[in-house]
1. Please specify each residue of region 72-81 satisfying the condition of being under 14 Å from the mean Cα position of the chain (by Cα) and surrounded by 14 or more Cβ atoms within 10 Å (Cβ to Cβ).
2. Residue 58 versus (1) touching a Phe, Trp or Tyr at 6+ places or on another chain (Cβ under 8 Å); (2) of a type outside the set (S, T, N, Q); (3) in a helix (DSSP H, G or I): which is the lone unmet condition?
3. Give the number of residues within region 20-48 that are more than 26 Å from the chain's Cα centre (by Cα), assigned to a loop (DSSP other than H, G, I, E, B) and β-branched (Val, Ile, Thr).
4. Has region 46-60 got at least one residue that is surrounded by 11 or more Cβ atoms within 10 Å (Cβ to Cβ) and touching a Cys at 6+ places or on another chain (Cβ under 8 Å)?
5. When both residues are 6+ apart or on different chains and their Cβ atoms are under 7 Å apart, which pairs have a first residue that lies in region 25-50 and is modelled with pLDDT of 95 or more, and a second that is acidic (Asp, Glu)?
6. Given the conditions (1) in contact with a Phe, Trp or Tyr (Cβ under 6 Å, 6 or more places away or on another chain); (2) buried (at least 17 other Cβ atoms within 10 Å of the Cβ), which single one is not true for residue 104?
7. Any idea which of 32, 69, 18 is farther than 18 Å from residue 107 by Cα, loosely packed, with under 11 Cβ neighbours inside 10 Å and among the β-branched types (Val, Ile, Thr)?
8. Can you pull out every residue in region 1-19 that is part of a helix (DSSP H, G or I) and free of Cβ contacts under 8 Å to residues at least 24 places away in the same chain?
Amino acid sequence: MGKRCPNPRLAKIHHTYTVEEIASLYSIHKNTVRQWIKQGLPIIDNKRPILVLGRHLVEFLYKKRQKNTRPCKPGEIYCFKCREPRSPAGNMADYQATTERLGNLSGICSCCDTMMYRRVNPAKLEQVRGQLNVTISEAKRHINESTSPSLNSDLDQEVENHENSQPK
């Protein structure tokens, strides 16, 4: 499972933290915090205990989180198995509306053949689709929204068959 960047909003910007306090705040190991310092998390000075300004911690974590984002361009859907945005196989995708303002764009990854999904506002579908051939399927209706709701006639046949199979 991939590592997630801790939530920067947990830190107070006007607070000074020690390595141990940062580790307990984010439920991580102290060595992880020390690794962040090696990666560029600014410290106040080189004296012990090592102190970090909350403002610097928040900025560092936002930059770390931003570095890991991979936004999808038009015509791309994010593949979780490949961990990067890709064009679906054959440039084909399906759009299924889930609500009035949201739907799922789905396709098959051209590299690993797994399903890929992207949440899309129908108003922005033209911008998102790029060169994709998108098949738009209508959302399934609820039975109470239908003008002629289907009746389950199989139930009546099962009851008749059950009654006929009973010994008399």
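The values are calculated or read from the model by the stated rules, or taken from the named source; none is laboratory data. Note that the structure is a prediction, hence the values are computed from the model and not measured. With ideal geometry, Cβ positions are generated from the backbone for all residues, glycine too; neighbour counts draw on all protein chains shown.
1. 72, 77, 78, 79
2. (1)
3. Residues in region 20-48 being more than 26 Å from the chain's Cα centre (by Cα), assigned to a loop (DSSP other than H, G, I, E, B) and β-branched (Val, Ile, Thr): 2 in total.
4. No; the residues of region 46-60 include none that is surrounded by 11 or more Cβ atoms within 10 Å (Cβ to Cβ) and touching a Cys at 6+ places or on another chain (Cβ under 8 Å).
5. Hits for this filter: 30/20.
6. Residue 104 satisfies all of (1) in contact with a Phe, Trp or Tyr (Cβ under 6 Å, 6 or more places away or on another chain); (2) buried (at least 17 other Cβ atoms within 10 Å of the Cβ) except (2).
7. It is 69.
8. 10
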